[in-house]
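The next block holds one structure in the form of structure tokens; read it before the comments.
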Amino acid sequence: MIVDSIEDLDALFGYMQDRTCLVVPVLTDHQSHVSQNKISCIYIYTEDDVERLVPINHTEQLQGFSEHVHRFLELESVFVHDKKAWLQLGGNDSVYDLKTLWWCTYGETYDDSLYLQPAHHFYQRRHHQLAHVNAIIPIMQHAAMCQKIRKYAWPMIRNVKLTESYKTFNSLYPKVFAAIESAGLQVNERFPQPVAVHNNQVYTNYNYHTSTGRPSNAYRGFNFAAMNKEDGTRSAFCSRFEQGALVEMDFDAYHVRLIAKLIGYKLPEGSVHEYFGRFYFSTDTLTTEQYEQSKQITFRLLYGGIDREFLAIPFFKQVNDFIWNLWNQWKKQGYIRTAIDRRTMTREQFPDMTANKLFNYYLQSLETEFSVRKLDQVLNLLSSSETCMILYTYDSVLFDVPLSEAKHILPQIQDIMQSGNFPVKCKVGDIYSKMRDITL
């Protein structure tokens with residue numbers, strides 16, 4: 001089972017040709033971010049019940065195959081345990097993500113912890129201060145863990161159809177979020193959390209296999225998706241460039257504009273909240289207080305239910321019709337499909353659904369599906385630049401930009417973000433807690 005010669009390794013690669021395969025890389029350090037990690041061993045299972053474990057960096061190996069890792073990473077059309085991690089290890093994008101398949105099939109997040117053996121818990125607890133502890137855990141314990149993964153995953157791999165929705169998701173999401181994670185965020189001495197810092201950088205961890213598809217982003221106890229603006233936490237994040245700055249782009253009234261696009265309602269140019277405020281207050285010019293009240297009224301109606309008196313406003317009449325049509329579809333079919341990726345959300349996944357909750361979930365999935373496509377376009381633009389996309393949080397994106405690129409790259413990013421009548425507000429700062437508005 002354990003490959004210990006180059007002849008056996010060559011035979012394995014030949015044997016994998018034209019066979020359905022599952023590939024599970026085991027990292028050396030369970031505490032370090034994947035982008036800063038190494039592979040301890042790689043488990044291979046093929047469709048005719050042949051399995052192999054290839055040592056890469058492990059204390060028990062008779063022969064290491066670290067110089068052959070690239071051959072595994074170049075594999076195509078295989079199922080990998082975690083494609084986002086695979087890409088950060090340098091893997092080929094033309095593979096299928098097991099975790100996404102699990103999520104699409106069973107409607108739940110894949111839980112890695114279920115497959116660990118007692119030996120993993122023992123070593124990782126006993127040697128919690130030791131880096132690369134997986135390299136000393138008995139290699140047959142890694143094999144037992146991978147066999148357990150295969151036991152539950154393989155019937156799904158063999159029997160589930162790879163839908164167009166899955167293929168679209170598989171080709172887009174791991175790639176986008178692997179790129180953001182790998183960039184890291186530069187921190188200074190003010191960084192307060194016990195998160196591993198590598199070369200003055202910390203790393204994010206996006207989980208997009210959530211109930212609505214809206215990604216969470218937490219790593220080692222630090223929630224990057226909900227950083228407090230008041231407690232000084234953000235003052236720890238700065239630019240990695242000697243002459244550079246952080247630039248944040250926030251979508252203006254993002255959900256309102258997404259809903260308008262969804263229902264085919266043409267919003268005018270300019271402020272959405274001023275537009276609706278003129279309906280609410282029957283005036284052409286809003287005071288500052290009325291503007292803030294307009295924002296509150298709009299969000300209350302969209303997330304809490306539309307009161308009858310507001311149905312006279314055409315936008316809210318169309319939104320209300322959409323909500324109840326969606327609800328009727330849910331009750332009749334027992335499921336709906338999301339707006340862009342066409343991912344299925346079922347009654348079994350959400351037994352306590354209501355009409356307004358369904359609309360909110362649908363809107364969160366739309367937000368993510370629409371945003372990820374914009375993020376992908378921006379990342380393609382940045383592929384030959386030093387500028388990094390370092391944080392995505394629902395309706396905002398944070399970039400780390402060297403001064404030498406700012407003048408020409410920022411307007412191009414803004415153009416992509418704003419296309420389709422989705423204006424963004426831009427801020428710049430030396431540290432994340434002190435950002436000031438700018439106009440590009």
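Residue check, Tyr362 against (1) of a type outside the set (Gly, Ala, Ser); (2) loosely packed, with under 14 Cβ neighbours inside 10 Å; (3) within 17 Å of Tyr394 (Cα to Cα), all met but one. Which one?
(2)
So, of the residues in the range 4-31 that are in a loop (DSSP other than H, G, I, E, B) and of a type in the set (Val, Ile, Thr), which turns out to be farthest from the chain's Cα centre (by Cα)?
For the range 4-31, the residue satisfying everything is Thr20.
Would you confirm whether or not the range 403-413 contains a residue that is surrounded by 18 or more Cβ atoms within 10 Å (Cβ to Cβ), part of a strand (DSSP E or B) and touching a residue at least 24 places away in the same chain (Cβ under 8 Å)?
no
Which one of Glu51, Glu47, Glu60, Glu67 is assigned by TED's automatic domain parsing to the domain that holds Asn134, in contact with a Ser or Thr (Cβ under 7 Å, 6 or more places away or on another chain), surrounded by fewer than 20 Cβ atoms within 10 Å (Cβ to Cβ) and not hydrophobic (A, V, I, L, M, F, W, C)?
Sole residue among the options that is assigned by TED's automatic domain parsing to the domain that holds Asn134, in contact with a Ser or Thr (Cβ under 7 Å, 6 or more places away or on another chain), surrounded by fewer than 20 Cβ atoms within 10 Å (Cβ to Cβ) and not hydrophobic (A, V, I, L, M, F, W, C): Glu47.
Name the helices (runs of 4 or more DSSP H) wholly within the range 274-393 that hold at least 2 residues that are acidic (Asp, Glu) and under 30 Å from Ile409 (Cα atoms)?
Counting at least 2 such residues, we get 355-381.
Anything in the range 201-242 that is touching a residue at least 24 places away in the same chain (Cβ under 8 Å) and under 19 Å from Asp437 (Cα atoms)? List them, or say none.
Lys229, Arg234, Ser235, Phe237, Cys238, Ser239
Looking at the range 220-234, which of the residues that are charged (D, E, K, R) and surrounded by 14 or more Cβ atoms within 10 Å (Cβ to Cβ) is modelled with the highest pLDDT?
Arg234
For the range 414-440, name all the residues that are part of a helix (DSSP H, G or I) and either of a type outside the set (A, V, I, L, M, F, W, C) or in contact with a His (Cβ under 6 Å, 6 or more places away or on another chain) (or both).
As a first pass, look at the range 414-440 and keep what is part of a helix (DSSP H, G or I): 414-418.
The answer is Gln414, Asp415, Gln418.
What's the number of the only condition in (1) over 20 Å from Gln147 (Cβ atoms); (2) crowded, with 21+ Cβ neighbours inside 10 Å that Val3 fails to meet?
Every condition holds for Val3 apart from (1).
Which one of the conditions (1) more than 13 Å from Val272 (Cα to Cα); (2) buried (at least 17 other Cβ atoms within 10 Å of the Cβ); (3) of a type outside the set (S, T, N, Q) does Phe315 fail to meet, given that it meets all the rest?
(1)
Quick check on the range 57-70. Is at least one of its residues within 28 Å of Ser165 (Cα to Cα) and in a loop (DSSP other than H, G, I, E, B)? Outline the logic, then answer.
We begin by selecting, within the range 57-70, every residue within 28 Å of Ser165 (Cα to Cα); these are none.
Checked against the condition, which is being within 28 Å of Ser165 (Cα to Cα) and in a loop (DSSP other than H, G, I, E, B), the range 57-70 yields no hits at all.
Please identify the pairs in which a residue from the range 118-136 that is in contact (Cβ under 8 Å) with a residue 60 or more places away in the chain has its Cβ atom under 8 Å from the Cβ atom of a residue that is surrounded by 11 or more Cβ atoms within 10 Å (Cβ to Cβ) and small (Gly, Ala, Ser), counting only partners at least 6 apart or on another chain.
Note: pairs meeting the criteria are Ala131/Ser32; His132/Ser40; Asn134/Ser40; Ala135/Ser40.
With respect to Tyr291, is the statement that it is in the same structural domain as Phe322 (by TED's automatic domain parsing), of a type in the set (Ser, Thr, Tyr) and under 13 Å from Phe315 (Cα atoms) true?
Spelling it out, it is not the case that Tyr291 is in the same structural domain as Phe322 (by TED's automatic domain parsing), of a type in the set (Ser, Thr, Tyr) and under 13 Å from Phe315 (Cα atoms).
Which of the following residues is in contact with a Leu (Cβ under 7 Å, 6 or more places away or on another chain) and either basic (Lys, Arg) or without any contact (Cβ under 8 Å) to a residue 24 or more places away in the chain (or both): Lys175, Lys148?
On the way: Lys148 fails: in contact with a Leu (Cβ under 7 Å, 6 or more places away or on another chain).
Going through Lys175, Lys148 in turn, the sole match is Lys175.
The values are calculated or read from the model by the stated rules, or taken from the named source; none is laboratory data. This structure is a prediction, so every number in the text was calculated from the model and none was measured. So basically every Cβ, Gly included, is an ideal-geometry build from the backbone, and we count neighbours across all protein chains shown.
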